[in-house]
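The values are calculated or read from the model by the stated rules, or taken from the named source; none is laboratory data. Please read these numbers as outputs of a predicted model, since none were measured by experiment. FYI the Cβ positions are ideal-geometry reconstructions off the backbone, even for glycines, and counts take in every protein chain you see. Just the protein is used for accessible areas: all its heavy atoms, side chains included, with ligands, DNA and RNA removed. Shrake-Rupley method; radii C 1.70, N 1.55, O 1.52, S 1.80 Å.
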Amino acid sequence: METIYIETYGCQMNFADSEIVGSILKEAGYGFTDELQDADYVLINTCAIRDNAEQRVRHRVRELRAAQNRRPGLRIGVLGCMAERLQSQLMAEEDNVSFVVGPDAYRTLPDILVRVREGARQAETELSTTETYADIEPVRFGSNGISAYISIMRGCQNYCAYCVVPYTRGRERSRDPKTIVDEARKLFDQGYREVTLLGQNVNSYACGDVDFPGLMDAVANVDPRLRVRFATSHPKDLSDKLLEVMAAHQNICRCIHLPVQSGSNLMLKLMNRKYTVEWYLDRVEAIRRAMPDCSITTDVIAGFSGETLEDHEATLELFRKVRYDYAYMFKYSLRPNTYAARHLADDVADEEKTRRLNEIIALQGAIALENNQKEVGKEYEVLVEGASHRSKEQLFGRNSQNKVIVFDRRDAQPGTYRRVRVEACTAATLLGQLSD
Ligand code: SAH
Ligand code: SF4
Ligand code: F3S
């Protein structure tokens, strides 16, 4: 049996896709290994969101030459968003890559591997308007047996000016809700206690007459002991109806990831985000009205085209107003062929981008710490996930708000719900003790 080693970069959706790829190739008779030196094929599932994500992959591909010298039959394939963006150009530039397969073409992998074994080189990067891999049951490689991803839609057509995703993942399409609910039920029956529904903009999920709130309701009804999370919500589509459904189900987690990108209306307009700061703050208020204990997290970009000090200050001001529990913070990275690359100047100097980013990071760090300090003394239901990396005597889990809590092990078991009282914290973690 030939064996495959898969490496995944990028967002949760890429990790979910690697599990679909795993399933397609397992079905075709391939085995999988965690040891590079045993592999006949290395598949690298890549991300193209920022230049540094692509540079990491280039570096990795070049580094793999050494493994190929030790094992001459070893073939390398590049999958995912970078494969889609660069297509056969990637094979021209990296001559040790034998095949390139885009996110909608994974069903061609078994055929490609056979041809590649015979010495061919091939690129399959056709995008689809219908492919959702709905019938494929992912192999849960990366899984702890407790928490799993379920892909509910693919693609994105929001065309934010800076973003490469509409070009690498194609048109938006939603997966048949029945297959989603069935997958959630099956996972619950296998012992899983948490599912995360994934899409680039889950709020615009639509399949027949089922919208995203309807889908959430159906998945939440699988079992009250199954936690349901979702990512990502676009602020323009965050509806009151969704908030009502969330509030009505205790097992839908009290955590909303709501990427803001900038606190300046001028930047939001240039970014083509289709909402204003006022709209965004209204949505934040609506969340807090419906679920006062809901955590809110975000993504932000520092130094987008034309960003002035005033725009940057507006972002800091928004962070002070919303007081996020967590933020993913990035420096703007120009992506070829996007609207911004074609029409806007990348005119904030790199050192200045870094300076602004560091200012946001410092502010957010202070806010996260203050938010966590307010948690001390509170008690939460925690889904226990596993051993903490600090010590074997301690376990960690998450509360509904998605905050990590570390506590002494005692009789607690991974995969169960326990009550934990928070006694101390850092900016990133809560520390507590079992209280049930
Ligand atoms: N679909 C999600 C985000 C997907 S990409 C959404 O719309 O919210 C994840 C994050 O990467 C984005 O939210 C954005 O903050 C960041 N990002 C995307 N393109 C970028 C670029 N060209 N430079 C820097 N950050 C970028
Ligand atoms: Fe990119 Fe915007 Fe689509 Fe998110 S919504 S994936 S940022 S184009
Ligand atoms: Fe990266 Fe593609 Fe996800 S560009 S962030 S892996 S959708």
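Laid out as a table, the results:
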read-out: Separation of alpha-carbon centers, region 31-50 and region 292-310, rounded to whole Å; value: 33
read-out: 1.4 Å probe accessible area per residue over the chain, in Å²; value: 43
read-out: Rounded, prolate or oblate (a/c below 1.5 giving rounded, otherwise prolate when a/b exceeds b/c) for region 1-47 by Cα gyration tensor; value: oblate
read-out: For the chain, calculated [θ]222 nm from helices alone, where every DSSP H run of n ≥ 4 adds -39500 (n - 2.57); value: -11000 deg cm²/dmol
read-out: Residues whose placed amide H lies under 5 Å from that of Glu2, excluding near-sequence neighbours; value: Gly31
read-out: Sequence of Ile361, Ile146 from largest to smallest accessible area, 1.4 Å probe; value: Ile361, Ile146
read-out: Segment Glu137-Ala286, extension gain: residue separation times 0.36 nm, minus the distance between their alpha carbons; value: 50.0 nm
read-out: Cα gyration tensor shape of region 28-144, rounded if a/c is under 1.5, else prolate or oblate by comparing a/b with b/c; value: rounded
read-out: GNM flexibility winner over the chain from Val78, Val21, Val114 (Cα, springs under 10 Å); value: Val114
read-out: Given charges at Cβ of Lys, Arg, Asp, Glu: the chain dipole, positive-most of Ala368, Phe15, Ser262; value: Ala368
read-out: Distance histogram in 5 Å bins (all Cα pairs of region 173-248, percent per bin); value: 3, 16, 29, 26, 18, 7, 1, 0
read-out: Accessible-area order (highest first, 1.4 angstrom probe) of the listed residues Arg418, Arg169, Arg56; value: Arg56, Arg418, Arg169
read-out: Proximal aspartates and glutamates relative to Lys178, as straight alpha-carbon distance under 14 Å, when same-chain residues fewer than 8 apart are discounted; value: Asp135, Glu137, Asp209, Asp211, Asp217
read-out: Among Ala184, Ala286, Ala120, residue whose mean-square fluctuation peaks in a GNM of the chain (springs only between Cα atoms under 10 Å); value: Ala120
read-out: FRET E, pair Leu36, Ala362, Förster distance 30 Å, beta-carbon r, rounded to 0.05; value: 0.20
read-out: Probe 1.4 Å, all protein chains present, accessible-area order of Lys378, Lys321, largest first; value: Lys321, Lys378
read-out: Debye, to nearest 20: dipole size of the chain, +1 on Lys, Arg Cβ, -1 on Asp, Glu Cβ; value: 420
read-out: Region 306-436, relative contact order [Cα under 8 Å, separation at least 6], %; value: 21
read-out: Potential extension, Asp350-Tyr159 segment - 0.36 nm per residue separation minus Cα distance; value: 66.3 nm
read-out: Net charge, Ser305 excluded, C-beta distance under 14 Å - Lys, Arg +1, Asp, Glu -1; value: +1
read-out: Cα gyration tensor shape for the chain, rounded if a/c is under 1.5, else prolate or oblate; value: oblate
read-out: Pair Glu126, Glu27: separation of 7 Å Cα→Cβ label points (nm); value: 1.7
read-out: Too-long pairs where the Cα-Cα distance tops 30 Å, listed order kept, from Lys26/Lys392; Lys321/Lys392; Lys236/Lys378; Lys186/Lys374; Lys269/Lys353; value: Lys26/Lys392; Lys321/Lys392; Lys236/Lys378; Lys186/Lys374
read-out: Charge sum, other residues only, whose C-beta stays under 14 Å from Asn371's C-beta, Lys/Arg counted +1 and Asp/Glu -1; value: +4
read-out: Cut-off 13 Å between beta-carbons: net charge of the residues surrounding Thr33, Lys and Arg +1, Asp and Glu -1; value: -4
read-out: Förster-model FRET efficiency, 30 Å R0, Arg107 and Asp223, C-beta, rounded to 0.05; value: 0.40
read-out: Placed amide H near Leu79: partners under 5 Å, 5+ positions off or other chain; value: Ile44, Asn45, Thr46, Val101
read-out: Förster-model FRET efficiency, 45 Å R0, Glu310 and Ala424, C-beta, rounded to 0.05; value: 0.70
read-out: Whole-Hz couplings from phi, Karplus 6.51/-1.76/1.60, listed for region 118-126; x for Gly and Pro; value: 7, x, 6, 10, 8, 10, 10, 9, 4
read-out: Fraction of accessible area attributable to carbon and sulfur, the chain (%, probe 1.4 Å); value: 49
read-out: Student exercise, region 292-436 dipole from Lys, Arg, Asp, Glu Cβ charges, in Debye to nearest 20; value: 540
read-out: Segment Lys392-Ser239, extension gain: residue separation times 0.36 nm, minus the distance between their alpha carbons; value: 50.8 nm
